[in-house]
Amino acid sequence: MHPWKLNQTWSVGGLLQAGFAEDSAFLIILTHSGRGIFNCLTGEKVARDHTGGYEFFNQVKLTVQGFGPLEGQIISTSGLYGGGMLRVTEDYWQVENDAQNSRIYLKPPTNTEDRFPEAIPIGDYRAVELRAYGFSETGRSLVIATSADLTIFTRALA
């Protein structure tokens with residue numbers, strides 16, 4: 001069995017951009033109606049700001065201003081307007097998108113002595129618009145963001 005576990009799935013209408021705070025499990029999302037912050041280790045929503053999201057978003061730099069536990073931080077994002085999240089952890093887990101079929105796969109490090117299958121399917125996103133997916137810098141969180149929801153995976157580090 002692989003170490004990644006589904007932690008939580010949240011319905012999030014109008015999700016535009018998502019990004020992890022630097023070296024953190026906190027994820028900020030930008031929607032048409034504001035910003036939200038999630039602790040990806042617990043799966044909890046920890047803050048919500050219903051102020052119009054666009055006024056805190058830099059569409060050129062693809063960054064969003066933090067608030068609440070991320071007050072004063074500028075977070076790089078990925079989503080509808082571009083950008084990219086980490087696709088590889090420091091211990092070489094990889095996340096890939098089969099763009100043709102809109103499926104997301106986890107690929108284990110190559111030094112796992114074949115304990116895991118070559119690619120582990122973790123989501124099928126044919127029915128929704130995939131906005132962003134990737135790992136936190138800590139390597140303990142993985143998110144998949146669509147136009148309608150946010151799926152959070154976590155793992156314990158050995």
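The values are calculated or read from the model by the stated rules, or taken from the named source; none is laboratory data. Keep in mind the model is a prediction, meaning the values are calculated, not measured. Cβ atoms come from the backbone with ideal geometry, glycine included; neighbour counts cover every protein chain shown.
Just give me the residues in the stretch 17-35 being under 16 Å from GLY134 (Cβ atoms) and in contact with a strand residue (DSSP E or B) (Cβ under 7 Å, 6 or more places away or on another chain), in sequence order. Full working, then the answer.
So the first thing to find is which residues in the stretch 17-35 are under 16 Å from GLY134 (Cβ atoms), and the list is 17-30.
Scanning the stretch 17-35 gives GLN17, ALA18, GLY19, PHE20, ALA21, ALA25, PHE26, LEU27, ILE28, ILE29, LEU30.
If you go through the stretch 126-141 and pick out every residue that is part of a loop (DSSP other than H, G, I, E, B) and buried (at least 22 other Cβ atoms within 10 Å of the Cβ), you end up with 1. GLY72: in a loop (DSSP other than H, G, I, E, B) and at pLDDT 95 or above, yes or no? Yes; evaluated as a whole, the condition is true for this residue.
Among the candidates ILE152, ILE144, ILE122, the residue that is buried (at least 18 other Cβ atoms within 10 Å of the Cβ) and either touching a His at 6+ places or on another chain (Cβ under 8 Å) or over 18 Å from ARG35 (Cα atoms) (or both) is uniquely ILE122. Considering the stretch 31-47, the residues that are assigned to a strand (DSSP E or B) and modelled with pLDDT under 95 include one that is nearest to VAL143 (Cα to Cα), namely THR31. Among the residues of the stretch 26-61, the ones that are surrounded by fewer than 19 Cβ atoms within 10 Å (Cβ to Cβ) and aliphatic (A, V, I, L, M) come to 4 in all.
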